[in-house]
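Working notes, structure below.
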Amino acid sequence: MNLILLGPPGAGKGTQAKSLCDKFNLCHLSTGDILRNEVTEQTDLGKQAKSIMDKGELVSNNIILEIIKKFINENLSKYQGFLFDGFPRSAEQADMLDTILNDISVSINKVILLDVDQSILLNRIIKRKEEEGRKDDNEDVLKSRLDVYFTQTQPLIDYYSKLKLLEKVDGTKEIIQVNQDINMIMEAI
Ligand code: AMP
């Protein structure tokens, strides 16, 4: 089973991803987490990505392709599938993912959209900054991340709807309720 979690920054993708991966033995592939790790380790890739991440923009597709391929190869045989969190983020990345998955004869079973109104996102992200201290969780960077989401990522909702893969979940509910809503979708696959 392979899933994509789609939704704006602050929608709760990371939180939901962790419990879904535990429950269904999926491998959590978060491009944001992988990139933050590269930055912490001060790798060449991390150094290239850092200033772009600090501005809330998208790092290049070449970098993303490199980390995704490596991550999938390392984890393919260990889990029941992948949960993609924060990837794909654009039409080009959706094509990239199709190609990668085709090569290993795997397909996406569902795309779950965590739907959260823009006005709620800002408060959530300010709270996350207090809790986790993420450098890109501030108002200016958030604005840029939301712009990127609405211009580049949101068109994927249409793309996956047309493929009949999209399931929309109300991401404003309590974490546990959102989790139950997603579990119901997963159990029906
Ligand atoms: P996230 O934790 O998913 O919000 O990602 C944090 C930051 O990492 C983003 O604002 C981007 O700068 C970068 N990033 C994460 N995933 C991608 C991706 N799929 N494509 C390009 N940049 C990404």
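If Leu83 satisfies every condition in (1) aliphatic (A, V, I, L, M); (2) over 25 Å from Pro8 (Cβ atoms); (3) not in a helix (DSSP H, G or I) but one, which is the exception?
Single failed check for Leu83: (2).
Inside the stretch 24-52, can you point out the residues that are part of a helix (DSSP H, G or I) and more than 16 Å from Asp85 (Cα to Cα)?
Correct list: Glu38, Val39, Thr40, Asp44, Leu45, Gly46, Lys47, Gln48, Ala49, Lys50, Ser51, Ile52.
Looking at the stretch 1-27, I want the residues that are without any contact (Cβ under 8 Å) to a residue 24 or more places away in the chain and have a partner that is within 13 Å of the ligand (Cβ to nearest atom) with Cβ atoms under 9 Å, at least 6 apart or on another chain. Which pairs are those?
Pairs that qualify, where the first residue is without any contact (Cβ under 8 Å) to a residue 24 or more places away in the chain and the partner is within 13 Å of the ligand (Cβ to nearest atom), are Lys18/His28.
Looking only at the stretch 147-179, count how many residues are part of a helix (DSSP H, G or I) and either of a type outside the set (S, T, N, Q) or closer than 16 Å to Asp115 by Cβ (or both).
18
If I ask for residues that are of a type in the set (Val, Ile, Thr), in contact (Cβ under 8 Å) with a residue 24 or more places away in the chain and surrounded by fewer than 17 Cβ atoms within 10 Å (Cβ to Cβ), which ones from the stretch 84-108 would you list?
Residues satisfying the conditions are Ile100, Ile104, Val106.
Across the stretch 1-23, which residue is nearest to the ligand (Cβ to nearest atom) among those that are surrounded by fewer than 20 Cβ atoms within 10 Å (Cβ to Cβ) and in a helix (DSSP H, G or I)?
Gly14
When both residues are 6+ apart or on different chains and their Cβ atoms are under 9 Å apart, which pairs have a first residue that lies in the stretch 156-175 and is of a type in the set (S, T, N, Q), and a second that is not in a strand (DSSP E or B)?
Thr172/Val116; Thr172/Asp117; Thr172/Ile120; Thr172/Val178
Only one of (1) closer than 22 Å to Val141 by Cα; (2) touching a Gly at 6+ places or on another chain (Cβ under 7 Å); (3) at pLDDT 95 or above is not met by Asn61, so which one is it?
(2)
Go through the residues of the stretch 86-103 one by one and say whether even a single one is more than 15 Å from the ligand (Cβ to nearest atom), under 15 Å from the mean Cα position of the chain (by Cα) and outside any helix (DSSP H, G or I).
no
Considering Lys55, Lys69, Lys50, which residue is touching a residue at least 24 places away in the same chain (Cβ under 8 Å) and under 21 Å from Arg145 (Cβ atoms)?
Lys55
Yes or no: the stretch 74-83 includes at least one residue that is within 15 Å of the ligand (Cβ to nearest atom), crowded, with 19+ Cβ neighbours inside 10 Å and under 21 Å from Arg145 (Cα atoms).
Scanning the stretch 74-83, I find no residue that is within 15 Å of the ligand (Cβ to nearest atom), crowded, with 19+ Cβ neighbours inside 10 Å and under 21 Å from Arg145 (Cα atoms), so the answer is no.
The values are calculated or read from the model by the stated rules, or taken from the named source; none is laboratory data. In this text the structure is predicted, and so the values were computed from the model without any measurement. Reconstructed Cβ throughout: ideal geometry from the backbone, glycine too, with neighbour counts over all protein chains shown.
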